[in-house]
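First up is the structure itself, then whatever we jot down about it.
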Amino acid sequence: MFCRNGCETNLHFETSIRSESGKLIPLEDDGSPHNCPNRRRYDPGNENGIEKKIEKMDKNLLKIMLDVQFIRMNLEGQKTLDQT
């Protein structure tokens with residue numbers, strides 16, 4: 001079996017070699033665990049993408065809140081005009 005991430009490394013599995021969660025670990029021909037260079041790894045120090053998305057969502061939420069307040073003020077103003 002070859003690596004599914006496209007590095008073309010021949011892999012095999014041994015039922016006795018598993019991760020802490022119980023998943024089989026892919027092994028290279030020499031028996032070492034496969035560390036694919038094509039696989040993206042989670043980097044806890046590189047959360048800029050998430051932080052930028054949160055910042056954008058915060059700005060959008062603020063805009064929506066201001067729009068709702070503006071609409072509410074206009075509706076309250078119309079009620080006052082209608083009552084006179």
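Here, each number is a calculation from the coordinates, and none is a lab measurement. This is a predicted model, so every value here is computed, not measured. Cβ sites come from the backbone with ideal geometry, for glycine too, and all protein chains shown count toward neighbours.
Under unit Cβ charges (Lys, Arg +1; Asp, Glu -1), what dipole magnitude, rounded to 20 debye, does the chain have relative to its Cα centre?
Roughly 380 debye, rounded to the nearest 20.
What number, rounded to the nearest 500 deg cm²/dmol, is the helix-based mean residue ellipticity at 222 nm of the chain, given -39500 (n - 2.57) per DSSP H run of at least four residues and division by all its residues?
Details: 1 runs with 36 residues, N = 84.
Estimated from H runs of four or more residues: -15500 deg cm²/dmol.
Exposed loop sites here are GluC sites (Glu not before Pro) in DSSP loop states with at most 13 other C-beta atoms within 10 Å. What is the longest stretch of the chain lacking them?
48-84
Once the other residues with Cβ under 12 Å from the Cβ of D58 are scored (Lys, Arg +1; Asp, Glu -1), what is the net sum?
Result for the neighbourhood of D58: +3.
Among L66, L11, L27, which one shows the highest mean-square fluctuation when the chain is modelled as a Gaussian network with alpha-carbon springs under 10 Å?
L66
Rounded, prolate or oblate: which one fits the chain, using the alpha carbon gyration tensor with axes a ≥ b ≥ c (rounded when a/c is under 1.5, else prolate when a/b beats b/c, else oblate)?
Note, shape of the chain comes out prolate.
In the chain, which longest range has no trypsin sites (Lys or Arg not before Pro) that are both DSSP loop (not H, G, I, E or B) and surrounded by at most 16 other Cβ atoms within 10 Å?
Values: sites that count: R4, K23, R39, R40, R41.
Longest stretch, sites excluded: 42-84.
Quick check: net charge around H12, other residues with Cβ under 9 Å of its Cβ, Lys/Arg +1 and Asp/Glu -1?
-3
So what is the relative contact order of the stretch 1-41, in percent, for Cα pairs below 8 Å that sit 6 or more residues apart? Each step should come with its number before you reach the end.
Values: 50 pairs, mean separation 14.4, N = 41.
Rounded, it is 35 percent for the stretch 1-41.
Which of rounded, prolate, oblate describes the stretch 1-41, given a ≥ b ≥ c as roots of the alpha-carbon gyration tensor eigenvalues and a/c under 1.5 marking rounded, otherwise prolate only if a/b is larger than b/c? Before the final figure, lay out each step's value.
On the way: a/c = 2.16, a/b = 1.36, b/c = 1.59.
Judged from the Cα gyration tensor, the stretch 1-41 comes out oblate (a/c at least 1.5, b/c at or above a/b).
So how strong a dipole does the stretch 1-41 carry about its Cα centre when Lys and Arg Cβ are +1 and Asp and Glu Cβ are -1, to the nearest 20 debye? Could the numbers behind the result be given before it?
Details: 6 positive and 6 negative charges, 73 e Å.
That gives the stretch 1-41 a dipole magnitude of about 360 debye.
With point charges of +1 on the Cβ of Lys and Arg and -1 on the Cβ of Asp and Glu, referenced to the Cα centre of the chain, which listed residue (C7, S32, I64) lies farthest in the positive direction of the dipole?
Final value for the positive-end residue is I64.
What is the angle, in °, between the Cα long axis of helix 48-83 and the longest principal axis of the Cα atoms in the chain? Nearest 10 is fine, range 0 to 90.
The two axes meet at around 20 degrees.
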